[in-house]
Amino acid sequence: MTALKPHERILVALDTDDVKTATTLARKLKGLVGGVKIGKEFFTANGPQGAKKVAALGMPLFLDLKFHDIPNTVAQAVRAATALGPLMLNVHTGGGPAMMTAAVKAARSAAKEFNVPRPWVLGVTVLTSLSADDLAATGVRRGSVQSQVLRLAELAQDCKLDGVVCSPKEVTALRKALGKKFKLVVPGIRPTWASSDDQKRIMTPAKAIACGADYLVIGRAITSAKDPLEAAKRIVDEIEAG
Ligand code: C5P
């Protein structure tokens, strides 16, 4: 695989329930960033028809629906999601090995069925909103959040997932443990000039790439900027400068 250009590493989170808002912004950013992400808010409001309108812009799409259910149900959901032609989609690693394996298998067979490229299946490990105490409250008492993230990411790799979504603070350790090919897709990114909003464990775009991130999921630093195009260009320049 040829190295990604700096702008190709940026996936803009279109966190809105409005199709027009999402597609208008995406259209403006086309060519300046690597792709867009739509998640549960957008998808629950607009369904696959809304997702198809975003996909029709021809930008790489991250379908962030974080499937978590029994293997058969997740496999069927992955099949339906694959029909939309995303570059990547995701499942919760907490769904277990059989679920993850079923998701990968479904992505492969659905890609053939719908004649689209096979989407990457990414794992969500520990939600960044959870603290060690929250994990303990759910019965996960072994070690730190960091070690649980690593355990689940290794499980994802064993199940042939393509990568994981992880916090910037986890990138260095995961890259070291999981090798060069395992994709690390990283939200919680803030340039120094942007507000941190509700994100606590943030990192600048250039630093996250230097630590080994493949893709950066960036929402408000671009979408809430006075001039989103200018913000995107500034981030690309910062990544380029290293
Ligand atoms: O606006 P901001 O850049 O914080 O948006 C980050 C995006 O990444 C949002 O869509 C958010 O849901 C998502 N995300 C995150 N932290 C995670 C997983 C996903 O912020 N651990």
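Every read-out reported here was derived from the displayed coordinates using simple, explicitly stated rules and does not represent laboratory data. Please read these numbers as outputs of a predicted model, since none were measured by experiment. Here the Cβ is made from the backbone with ideal geometry for all residues, glycine too, and neighbour counts use every protein chain on show.
Counting only residues that are touching a helix residue (DSSP H, G or I) at 6+ places or on another chain (Cβ under 6 Å) and either more than 12 Å from the ligand (Cβ to nearest atom) or not aliphatic (A, V, I, L, M) (or both), which one in the range 119-134 is farthest from THR82 (Cα to Cα)? Among residues in the range 119-134 that are touching a helix residue (DSSP H, G or I) at 6+ places or on another chain (Cβ under 6 Å) and either more than 12 Å from the ligand (Cβ to nearest atom) or not aliphatic (A, V, I, L, M) (or both), the one farthest from THR82 (Cα to Cα) is ALA132.
Here is a list: SER147, SER109. Which entry is assigned to a helix (DSSP H, G or I), small (Gly, Ala, Ser), more than 16 Å from the ligand (Cβ to nearest atom) and farther than 21 Å from ARG201 by Cα? Quick ask: steps written out before the conclusion?
On the way: SER147 fails: farther than 21 Å from ARG201 by Cα.
It is SER109.
Restricting the first member to the range 157-177 and to residues that are closer than 17 Å to VAL126 by Cβ and free of Cβ contacts under 8 Å to residues at least 24 places away in the same chain, and the second to residues that are away from the ligand (no atom under 11 Å from the Cβ) and not aliphatic (A, V, I, L, M), no beta-carbon pair is closer than 8 Å while six or more apart or on different chains. Among the residues making up the range 112-134, those that are assigned to a helix (DSSP H, G or I) and over 24 Å from PRO71 (Cβ atoms) are ALA132, ASP133, ASP134.
Condition test on PHE62, is it aromatic (Phe, Trp, Tyr), within 16 Å of the ligand (Cβ to nearest atom) and closer than 18 Å to LEU184 by Cβ?
Details: aromatic (Phe, Trp, Tyr): yes; within 16 Å of the ligand (Cβ to nearest atom): yes; closer than 18 Å to LEU184 by Cβ: yes.
It is true that PHE62 is aromatic (Phe, Trp, Tyr), within 16 Å of the ligand (Cβ to nearest atom) and closer than 18 Å to LEU184 by Cβ.
Can you spot a residue in the range 71-86 that is within 16 Å of the ligand (Cβ to nearest atom), surrounded by 21 or more Cβ atoms within 10 Å (Cβ to Cβ) and more than 21 Å from ASP158 (Cα to Cα)? Checked against the condition, which is being within 16 Å of the ligand (Cβ to nearest atom), surrounded by 21 or more Cβ atoms within 10 Å (Cβ to Cβ) and more than 21 Å from ASP158 (Cα to Cα), the range 71-86 yields at least one hit.
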